[in-house]
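Let me begin by presenting the structure, written as structure tokens, before commenting on it.
The values are calculated or read from the model by the stated rules, or taken from the named source; none is laboratory data. The model shown is predicted, which means the values in this text are computed figures rather than measured ones. Cβ coordinates were reconstructed from backbone atoms using ideal geometry, including for glycine residues, and neighbour counts include every protein chain displayed. For accessibility, only protein heavy atoms count, side chains too; no ligands or nucleic acids. Shrake-Rupley method; radii C 1.70, N 1.55, O 1.52, S 1.80 Å.
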Amino acid sequence: MSTIKRISQFICIAALTLLIAPTCFISTVPLGYIGVRSSNFSGVNETDLEPGWNLNVASVHNITLLPSRYLFLDYGSDNSQGLQIRTRDNNNVFVDITVPYRIKPGEAHLIMKVGNHLMTNGTFGFQRQAADVTVSVLREDLANLTSSDFYNTDKRLAVATTTLDVLNKTLAPLHLEAQAVLVRAVTFRPEYEVQLQAIQLNEQNKLLDGARQRVAQQQQELDNFELKTTALANALQQDWVKKQADLERAYQVGFLFDPDADRTPGAARRQFAALTEADLDKLREEAARVLEIDDKAKINEAYLLGIQNISAETLEYKQRVTAEANGISGRLKAEGEADVAAVRGEFETKINALLGSPAGRAYVAWKTAENVTFSPTLTFQSREGVPSVLRLRNFALQFMGGG
């Protein structure tokens, strides 16, 4: 029992320690804040505390929370009036500006050292100082702009960038930094707004005229380019048509074309055969140049004669050979028909002679008798009492042409 008692006491003491220790030795820095730890003995710690658990001994340490997020200075919002600036040309303008700023990373403890962490009416001391410094810098730098500069975007952005650099240099001793100077709106006096709108309209018209002029210049360049392109295309097309015509002529007519020469089929080949070797070499060089063939040795008589001449020779040869063949075929056919007629006449003469002999007549009678059919019923109407068909000798003689 004593052992169980001691274990129970130990568990109770450990649980009590775990419950009490965090409240006595640990504090939590929430997200969006920077913790600055100060000691009753050593003063402000030189290191800022990140969000999370941090050592905080009760009655010894004290942790002060400062915002780490961006804070905003708004001029011209629902809760504040726009910042009034007197321009360089002595004109009052109301500018709506937003300046986001924050505590420089790692310098929150320096703000606490100078006492700017103290809060009055819900506002830290460094916030009030930042507002005073920002208003002073904005009024001083933006006052360098004229009324026309405020509606010129490029000049306004350039001055805003310069103002941001000056503002950060001024905020640096306060351990603060601004992210941007955002000019949201610019408002002039009502009577000046009318003039300003007319000025802005004129400026926009100038920009529009300049844009139109650049468009016209680009269009002119485009038109010139199109004209040059069309002219170049036409020139190339003409060259191609000429080249195509030369090639067509070269392949069709060849290189032996002579308007005064004989153009009958075979004349070109006879003209080619009459050329000397020097003339052939010259023709080959010309053909290689026109046909764009590197080696003139490839130029044979087919290239030099041309398709039309070769086709004409082929057609003439075909017609001549066909005519000769047709003549031979007709003669041989006539001779064959004459021989067949002679043989057939001689055959028929011999057949007739054979058929005119007694044996031939008997043969004809025998062949004729094969086609004779008698009635199955014989009647005796002869005066002699014997049917005529039974008189075979007389009947055979009648078939043989006898009496």
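Before moving on, here are some points about what is shown:
- Taken together, the residues in region 128-163 that are surrounded by 15 or more Cβ atoms within 10 Å (Cβ to Cβ), of a type in the set (Lys, Arg) and touching a residue at least 40 places away in the same chain (Cβ under 8 Å) amount to 0.
Listed here are the residues, each with its yes/no results for (1) part of a strand (DSSP E or B); (2) in contact with a Ser or Thr (Cβ under 7 Å, 6 or more places away or on another chain).
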residue: 183; (1), (2): yes, no
residue: 186; (1), (2): yes, no
residue: 194; (1), (2): no, no
residue: 199; (1), (2): no, yes
residue: 205; (1), (2): no, no
residue: 210; (1), (2): no, no
residue: 216; (1), (2): no, no
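- Filter result for residue 39 (modelled with pLDDT under 80 and either among the small types (Gly, Ala, Ser) or crowded, with 16+ Cβ neighbours inside 10 Å (or both)): yes
- Subset of region 102-120 (residues that are out of contact with any helix residue (DSSP H, G or I) (no Cβ under 6 Å at 6 or more places or on another chain) and either under 13 Å from residue 68 (Cα atoms) or modelled with pLDDT of 85 or more (or both)): 102, 103, 104, 105, 106, 107, 108, 109, 110
- Of the residues making up region 103-117, not a single one is part of a strand (DSSP E or B) and open to solvent by 10 Å² or more (accessible area, probe 1.4 Å).
- Residue 394 being at pLDDT below 75, open to solvent by 60 Å² or more (accessible area, probe 1.4 Å) and part of a helix (DSSP H, G or I): yes
- In region 176-193, the residues that are of a type in the set (A, V, I, L, M, F, W, C) and either at pLDDT 90 or above or surrounded by 11 or more Cβ atoms within 10 Å (Cβ to Cβ) (or both): 176, 178, 180, 181, 182, 183, 186, 188
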